[in-house]
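Participant: Dropping a structure here in structure tokens format, bear with me for questions.
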Amino acid sequence: MLFIITQNIESPQQSSQGSQNIIIETGRYPDQVNNSKRKRQKQYRERNREKLKHREAERRKRIQSSQSIIGPSTSSNSNIMEVNNEKPAVADVIRTCLGPQAMLKMLMDPTGGIVMTNDGNAILREITVQHPAGKSMIEIARTQDEEVGDGTTSVIVLAGEILATAEPFLEQGMHPTVIIRAYRQALEDMIEILQDKVSIDLDCNDRNKLVDVVKSCVGTKFIGRWSDLACQIALDAVHTVLLEENGRREIDIKRYAKVEKIPGGSIEESHVLKGIMLNKDVTHPKMQRCIKNPRILLLDCNLEYKKGESQTNLEIMKDTDFTRVLELEEEHIKKVCQDIVAVKPDVVITEKGIADLASHFLLKAGISAIRRVRKSDNNRIARACGATIVNRTEELREEDVGTGAGLFEIKKYGDDYFCFITECTNPKACTIVLRGASKDVLNETERNLQDALHVARNLLMEPKLVPGGGATEMAVSKLLTEKAAAIAGVEQWPYKAVSQALDIIPKTLAQNCGANIIRILTALRAKHATEGNTWGIDGETGEIVDMKIRGIWDPLSVKMQTYKTAIETAILLLRIDDIVSGIVYRLGIFHLSHF
Ligand SMILES: Nc1ncnc2c1ncn2[C@@H]1O[C@H](COP(=O)(O)OP(=O)(O)OP(=O)(O)O)[C@@H](O)[C@H]1O
Ligand SMILES: [Mg+2]
């Protein structure tokens, strides 16, 4: 027990309120005690008081921080609850970000920058969570974003709800493995229902239908006001990078469709280039800045003096030797430039540097040169204009030169120069040029466009749709409840709980547009019982509409990934019965932080 001496010896009644304070009666010190002794004792007590105060504050801080992470309890059974209690916190943060009436979050990063977004993954990326269970919740948003690019908010909301449904069963003493078995079974049935009963096929050649689906994805975002433009951009970009070889489809938007942001102008000026754009200028101001049908040569080697490795010794005996060394360097550059000029390119682009002398030789041969482009950019240019990236200039051949581009041009926006390689005949890579008023607007537009690109890609890879606006969740929930009756034993209850947890999506959509949740959900359930499985909630008005008529569709791959990730995360977290951290606290208060 720690005591704090807080009171002044002259006023004992003041301190009597604090239960932990020691009351020192003034009467214990008779008047005749000499003043110096009293003074010394007072000083001693004050010193002690400061020390104790400090220790107590430290102890409280330590206990508080450990409690805020996990809660004060240490029994292993309650740990499951604590793990589960962390998830609604993460899910609650982004619940208001679901659907077309979603709210944005403004996040501050440690460096003082701000992010404004309603993208689930982007929000959670910026949040610092201490609890390990919270961290794994955030991880699933990232996984979802990498796998399918959309549905990151839904997956967190759903996972939070599914974990919450496990809580009553754990409180009743049901073993986690029983719950896990039921969840597994439910997931299998959900996937089956989604594939066989709810999804419909999509004709990939029907551009209008594709536009509809991408529109319902971007409709929930900031870019929703320019949804037509965003859809066109997303579909154009995806069609550009689509590669079909021997019946195999490849759409690698991450590598071959790059979004470049140029601040200024308006969002309407954004477009997809039939080629590539780089934020670069030519190496010499006199080089040509506009070339029609350019012959493009791509290199990933230096056009500079050969530099020595980490340690190079050069022995010079005479004064002429030094001149000779310089001459050799120049000869080397000259030789490299001659090799390049021999294949008659109009533009040379290299990933490494170009020396002034090399620039001079290239300028004399009428060649424009660009240096220090990124490897990924060079790969894109190679795909767009049909060139091959060459490492040794002595091995250059005619076939390595790219002739697929129609125009090489350097343009200036603001203070920056941009290099455009456009009008390519068959570009299999592209750049999406985004314009916008400010950097924050551009960043959010890019995030939204990435969602649209992923949805377009998913559709072309797997052309299957499910109705949106909570219709799919209601349909799957209904069919799962029907199936639950056939399950024997206690597993039936967690199984049923999963079907009820799915309601969180229509519920949140209704909540976010200000509708009456209970009335809407009851009416929606009635519609599903009588009039088919495409009825959902119009996220703009909060009314119940047929999604076939309203035209809100989600790709099957996104929905399926959402369910899989949500349930598997819930299962993973339910398996945890204890969290043990290796941190050893000082002062022996906690020896091993066993939560
Ligand atoms: N106009 C609409 N009316 C009703 N529901 C809609 C509408 N547009 C989209 N939805 C639904 O909203 C949900 C998607 O919302 P949102 O795009 O905000 O989140 P997400 O896709 O889960 O996550 P994120 O886009 O942040 O990665 C889907 O369930 C979709 O069916
Ligand atoms: Mg979305």
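Participant: Within 13 Å, Cβ to Cβ, of THR565, how many net charges do the neighbouring residues add up to if Lys/Arg are +1 and Asp/Glu are -1?
Facilitator: Details: positive: ARG142, LYS559, LYS564; negative: GLU139, ASP145, GLU146, GLU147, ASP150, GLU568.
It works out to a net charge of -3.
Participant: Between ASN205 and GLU531, take the C-beta separation as r, use R0 = 30 Å, and let me know the FRET efficiency to the nearest 0.05. Spell out each step's value before the answer.
Facilitator: Numbers: r = 31 Å, r/R0 = 1.03.
E between ASN205 and GLU531, to the nearest 0.05, is 0.45.
Participant: Same structure again: Quick one: P(r) of segment 224-368 from all Cα-Cα pairs, 5 Å bins, percents rounded to integers, in order of increasing distance.
Facilitator: Histogram of Cα-Cα distances, whole percents per bin: 2, 7, 12, 14, 12, 12, 12, 10, 7, 5, 3, 2, 2, 1, 0.
Participant: Rounded to the nearest 0.05, what FRET efficiency do LEU107 and LYS254 have when you use their Cβ-Cβ distance and R0 = 25 Å? List each step's numbers first, then the result.
Facilitator: Working: r = 24 Å, r/R0 = 0.96.
That pair, LEU107 with LYS254, gives E of 0.55.
Participant: How long are the semi-axes of the equivalent ellipsoid of segment 276-329, taking √(5λ) for every eigenvalue λ of the Cα gyration tensor, in whole Å from largest down?
Facilitator: Details: eigenvalues 273, 45, 19 Å².
Result for segment 276-329: semi-axes of 37, 15, 10 Å.
Participant: Among all the lysines, which ones have a C-alpha under 21 Å from LYS335's C-alpha, if same-chain residues fewer than 8 places away are not counted?
Facilitator: Straight-line reach from LYS335, under 21 Å: LYS306, LYS307, LYS344, LYS352, LYS364.
Participant: Report, ordered by chain and residue number, the aspartates and glutamates lying within cross-link reach of LYS483, taken as a straight Cα distance under 14 Å and ignoring same-chain residues fewer than 8 apart.
Facilitator: Cross-link targets: GLU188, ASP189, GLU192, GLU491.
Participant: Here is a follow-up. Please identify which residues in segment 202-234 have an amide N closer than 19 Å to a label point set 7 Å out from the Cα of SER266, following the Cα→Cβ vector.
Facilitator: Within reach of a label on SER266, which here means backbone N under 19 Å from a point 7 Å along Cα→Cβ, segment 202-234 contributes 222-233.
Participant: Once you have the Cα-Cα distance between ASP300 and TYR413, take 0.36 nm times their residue separation minus that, and quote the gain in nm to one decimal. Mind showing how you got there, number by number?
Facilitator: Numbers: separation 113, 0.36 × 113 = 40.68 nm, distance 2.76 nm.
37.9 nm is the gain from fully extending ASP300 to TYR413.
Participant: Please give the net charge around GLU531, taking every other residue with its beta carbon less than 14 angstrom from that of GLU531, where Lys and Arg add +1 and Asp and Glu add -1.
Facilitator: Numbers: positive: LYS478, ARG525, LYS527, LYS548; negative: ASP546.
That sum, taken over residues with Cβ under 14 Å, equals +3.
Participant: How much of the DSSP bridge set in the chain is antiparallel, in percent, rounded to the nearest 5?
Facilitator: On the way: 33 of 51 bridges.
Approximately 65 percent, going by the DSSP bridge assignments.
Participant: Quick one: if you stick a label point 7 Å off each Cα along the C-beta vector at ALA488 and THR177, how many nm between them?
Facilitator: Using points 7 Å along Cα→Cβ, the separation is 2.0 nm.
Participant: Obtain the radius of gyration and the Kirkwood radius of segment 109-159 from its C-alpha atoms and give Rg over Rh. Before the final figure, lay out each step's value.
Facilitator: Working: Rg = 11.2 Å, Rh = 11.4 Å.
A ratio of 0.98.
Participant: Expressed as an acute angle from 0 to 90° and rounded to the nearest 10, what is the orientation of the C-alpha long axis of helix 207-218 relative to the principal long axis of the chain?
Facilitator: Between the helix axis and the principal axis of the chain, the angle is about 40 degrees.
Participant: Within the accessible area of the chain, what % is carbon and sulfur when the probe is 1.4 Å and the other protein chains stay in place?
Facilitator: 49
Participant: Bins of 10 Å, beginning at zero and ending with the bin holding the largest distance: percent of Cα pairs per bin for the chain, please.
Facilitator: 3, 13, 18, 16, 14, 13, 10, 7, 4, 2, 0, 0
Participant: Per DSSP H run of at least 4 residues, take -39500 (n - 2.57); add these up for the chain, divide by its residues and hand me the 222 nm value, nearest 500 deg cm²/dmol.
Facilitator: -16000 deg cm²/dmol
Participant: Something else about it: TYR305: accessible area at probe 1.4 Å, nearest 10 Å²?
Facilitator: The accessible area comes out at roughly 100 Å².
Participant: Relative to the longest principal axis of the chain, what angle (0 to 90°, nearest 10) does the C-alpha long axis of helix 471-484 take?
Facilitator: Helix 471-484 and the main axis of the chain meet at about 60 degrees.
Participant: Quote to one decimal, in nm, the extra length available between LYS352 and ILE517 on full extension: 0.36 nm per residue of separation minus the C-alpha distance between them. Spell out each step's value before the answer.
Facilitator: Details: separation 165, 0.36 × 165 = 59.40 nm, distance 6.04 nm.
Full-extension gain reported as 53.4 nm.
Participant: Further question on the same structure: As a quick test, which of the pairs LYS209/LYS478; LYS221/LYS559; LYS105/LYS439 have an alpha carbon distance above 22 angstrom in this structure? All intermediate terms of the calculation are to be shown ahead of the outcome.
Facilitator: Numbers: LYS209/LYS478 27 Å; LYS221/LYS559 18 Å; LYS105/LYS439 16 Å.
As for pairs spanning more than 22 Å Cα to Cα, those are LYS209/LYS478.
Participant: Accessible area, 1.4 Å probe, largest first: how do HIS528, HIS332, HIS54 sort? Don't skip to the answer; put the middle values down first.
Facilitator: Numbers: HIS528 10, HIS332 65, HIS54 115 Å².
Ranked list, largest accessible area first: HIS54, HIS332, HIS528.
Participant: On to the next question. What are the trypsin sites (Lys or Arg not before Pro) within segment 402-433 that DSSP puts in a loop, where the Cβ has at most 12 other Cβ atoms within 10 Å?
Facilitator: Working: sites: LYS411, LYS412, LYS428; in loops: LYS428.
Here no trypsin sites (Lys or Arg not before Pro) fit, given the DSSP loop and packing criteria.
Participant: Give the accessible surface of segment 256-315 per residue, rounded to a whole number of Å², with probe radius 1.4 Å and ligands, DNA and RNA excluded.
Facilitator: Values: 3570 Å² over 60 residues.
With all protein chains present, segment 256-315 gives 60 Å² per residue.
Participant: Here is a further query. Treating only the Cβ of Lys, Arg, Asp and Glu as charged (+1, +1, -1, -1), what charge dipole size does the chain show about its Cα centre? Round to the nearest 20 debye.
Facilitator: 2300
Participant: Continuing with this model, one more query. Over what distance in Å are the Cα centres of segment 375-443 and segment 177-201 separated?
Facilitator: Centre-to-centre (Cα) distance: 46 Å.
Participant: Two decimals is fine: what is log10 I(q)/I(0) at q = 0.17, 0.19 Å⁻¹ for segment 79-233, from a Debye sum with one equal scatterer on every Cα and no solvent?
Facilitator: Results for segment 79-233 at q = 0.17, 0.19 Å⁻¹ read -1.13, -1.27.
Participant: Also, quick follow-up: Roughly what % of Cα-Cα distances in segment 374-437 sit above 17 Å, to the whole percent? Kindly include the intermediate steps, with their values, before the conclusion.
Facilitator: Working: 993 of 2016 pairs.
For segment 374-437, the fraction of Cα-Cα distances above 17 Å is 49 percent.
Participant: Still on this structure, please answer the following. Would you kindly calculate the translational diffusion coefficient of segment 175-251, applying Stokes-Einstein with the Kirkwood radius from alpha carbon pairs, for 37 °C and a viscosity of 0.692 mPa s, and quote it in µm² s⁻¹ without decimals? Kindly include the intermediate steps, with their values, before the conclusion.
Facilitator: On the way: Rh = 15.8 Å.
The diffusion coefficient I find is 208 µm²/s.
Participant: If R0 is 41 Å, what FRET efficiency do you get for ARG40 and GLN130 from their C-beta distance, rounded to 0.05?
Facilitator: Values: r = 47 Å, r/R0 = 1.14.
About 0.30, to the nearest 0.05.
Participant: Rounding to the nearest 10 and keeping the result within 0 to 90°, find how far the Cα-based axis of helix 375-385 lies from the longest principal axis of the chain.
Facilitator: Rounded to the nearest ten degrees, it is 50.
Participant: Give me the net charge of ILE291's neighbourhood, meaning all other residues with Cβ under 13 Å from the Cβ of ILE291; Lys, Arg count +1, Asp, Glu -1.
Facilitator: Details: positive: ARG289, LYS292, ARG295, LYS344; negative: ASP346, GLU409, GLU423.
With Lys, Arg at +1 and Asp, Glu at -1, the neighbours total +1.
Participant: What accessible surface, in Å², does a 1.4 Å probe find on THR431, ignoring ligands, DNA and RNA and rounding to the nearest 10?
Facilitator: The value for THR431 is about 0 Å².
Participant: Taking every eigenvalue of the Cα gyration tensor of segment 346-494, multiplying by 5 and rooting it, what semi-axes result, largest first, whole Å?
Facilitator: Working: eigenvalues 549, 79, 41 Å².
Rounded to whole Å, the semi-axes are 52, 20, 14.
Participant: Compute the accessible area per residue over segment 326-443, keeping the other protein chains in place, probe 1.4 Å, unit Å².
Facilitator: Numbers: 5350 Å² over 118 residues.
I get 45 Å² per residue for segment 326-443.
The values are calculated or read from the model by the stated rules, or taken from the named source; none is laboratory data. Worth saying up front: this structure is predicted, and the values here are computed from it rather than measured. Counting neighbours? That spans all protein chains shown, and the Cβs are built from the backbone with ideal geometry, glycine included. Protein only, heavy atoms only, side chains kept; ligands, DNA and RNA dropped before computing areas. Shrake-Rupley method; radii C 1.70, N 1.55, O 1.52, S 1.80 Å.
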